[in-house]
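Following: one structure in structure tokens, then a few remarks.
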Amino acid sequence: MVTRKRYSLKTREGKEALTGYFFLLPALLLLGVFLLYPMGAAFYYSFTDFYILRPGEKNFIALENFQMILGDAEFRQAFRNTLYFTFLVVPIQIAVALGLALLVNKKLRLKVFFRTAYFSPVVMSLVVVSILWTFMYNPNEGLINEMLGLLGIPPQPFLTSPDQAMNSIIVMSVWQGAGFQMMIFLAGLQNIPDHLYEAADIDGANTFHKFLHVTLPGLKNISLFIFITITIAAFKLLVQPMIMTQGGPLGSTKSLVYHIYEVGFNYRDVGYASAMAVVFTVMVLTITIIQRILVKEERG
């Protein structure tokens, strides 16, 4: 028969446990105040008609907010924009990050400088980067159009065009975020055993075959992790359209999170915004569950 070990505050183990809980308490308080309570409040408000300017007049309306989501054309457009952004930015950013990692992993002069240069956009504030690229995308005096003019290409509207605005944000997002994934890929490349490449050389494999049969399999788990993290981050697109386009032109860059923010804080319809936030949370949770399943299969 197995007996459970009981701790007493008078014993050494009990004092160590109490000390551990004491150090854990601030983190638990912060977690409760800034994560658990807002999540619970959003779930509760999603079933009400809570309007922020009339806090005492909220009523329970059951699933009406969720029914409104099904018929909300702006929600559907924001969802399509988010999917478009995600489906493009994820593979492009992974490809750019892997290419940069392969480049800086070579034994070249100024290797440390290039690593720092490629990683530097990551540590910059996303708000600052968005403002910087907004000036660069200026259709009249922007740096990018000036460079295109040198090549004989006419000025492009970029952020002022419904057809180009989201693609312009994607380019900026890849530039800003690829450096972080580059460092993760770089760590993975340096953990691939050298004897695998030596064996491939003996077998007569060229550079492409070594990349295909040695490098990519060695980065499989890291690639899966990067894929999931970029996907989740892409679904949370907010700062770029808020700063660069305010969701325009014609709603072409309004993301799902930005739409939730706009309804909750600009239109002050907290109940409906909370319902959309619950739906968005379910989406992100689904992605997380898929991640756990894939990782479990890889380890199995």
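The values are calculated or read from the model by the stated rules, or taken from the named source; none is laboratory data. Keep in mind that what you see is a predicted model, and the values were worked out from it rather than measured. We place every Cβ from the backbone using ideal geometry, glycine too, and count neighbours over all the protein chains shown.
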*Does at least one position in the stretch 289-298 carry a residue that is outside any helix (DSSP H, G or I) and more than 21 Å from the chain's Cα centre (by Cα)?*
no
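Does residue 239 fit the bill of being surrounded by 15 or more Cβ atoms within 10 Å (Cβ to Cβ) and farther than 26 Å from residue 78 by Cβ?
In short, no.
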*Go through (1) basic (Lys, Arg); (2) over 22 Å from residue 255 (Cα atoms); (3) assigned to a helix (DSSP H, G or I) one by one and return the number of the condition residue 76 breaks.*
(2)
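Check 154, 162, 139 and return the single one that is in contact with a Pro (Cβ under 6 Å, 6 or more places away or on another chain) and more than 13 Å from residue 245 (Cα to Cα).
139
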*Does the stretch 171-181 contain at least one residue that is of a type in the set (A, V, I, L, M, F, W, C) and under 16 Å from residue 222 (Cα atoms)?*
yes
*Test each condition in (1) hydroxyl-bearing (Ser, Thr, Tyr); (2) more than 19 Å from the chain's Cα centre (by Cα); (3) closer than 30 Å to residue 45 by Cα for residue 255 and report the one that comes out false.*
(2)
*Those residues that are among the aliphatic types (A, V, I, L, M) and surrounded by 15 or more Cβ atoms within 10 Å (Cβ to Cβ), I need them from the stretch 242-264; list them, please.*
242, 243, 244, 256, 257, 260, 263
*Among (1) modelled with pLDDT of 90 or more; (2) more than 19 Å from residue 231 (Cα to Cα), the one test that residue 57 misses*: (1)
*Can you tell me which residue among 176, 164 is free of Cβ contacts under 8 Å to residues at least 40 places away in the same chain, within 21 Å of residue 254 (Cα to Cα) and not β-branched (Val, Ile, Thr)?*
164
*Among the residues of the stretch 211-219, is any loosely packed, with under 12 Cβ neighbours inside 10 Å, out of contact with any strand residue (DSSP E or B) (no Cβ under 6 Å at 6 or more places or on another chain), modelled with pLDDT of 90 or more and not in a helix (DSSP H, G or I)?*
no
*For the stretch 102-121, what are the residues that are surrounded by fewer than 17 Cβ atoms within 10 Å (Cβ to Cβ) and either over 22 Å from the mean Cα position of the chain (by Cα) or not assigned by TED's automatic domain parsing to the domain that holds residue 189 (or both)?*
102, 103, 106, 107, 108, 109, 110, 111, 112, 113, 114
*Does the stretch 204-244 hold any residues that are among the β-branched types (Val, Ile, Thr) and farther than 30 Å from residue 165 by Cβ, and which are they?*
207, 214, 215, 222
*residue 66 versus (1) outside the structural domain of residue 269 (by TED's automatic domain parsing); (2) over 16 Å from residue 282 (Cβ atoms); (3) not small (Gly, Ala, Ser): which is the lone unmet condition?*
(2)
*Hey, can you tell me all the residues within the stretch 127-159 that are under 23 Å from residue 177 (Cβ atoms) and among the β-branched types (Val, Ile, Thr)?*
127, 128, 129, 131, 134, 144
_Criterion violated by residue 262 - all others in (1) at pLDDT below 90; (2) under 25 Å from the mean Cα position of the chain (by Cα); (3) acidic (Asp, Glu) satisfied_ = (1)
*Can we say residue 112 is farther than 30 Å from residue 270 by Cα, part of a helix (DSSP H, G or I) and in contact (Cβ under 8 Å) with a residue 40 or more places away in the chain?*
no
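Out of all the residues in the stretch 31-90, which are in contact with a His (Cβ under 7 Å, 6 or more places away or on another chain) and of a type outside the set (Gly, Ala, Ser)? Talk me through it step by step, then tell me what you get.
Initially, the stretch 31-90 is screened for residues in contact with a His (Cβ under 7 Å, 6 or more places away or on another chain), giving 74-75, 78.
Correct list: 74, 75.
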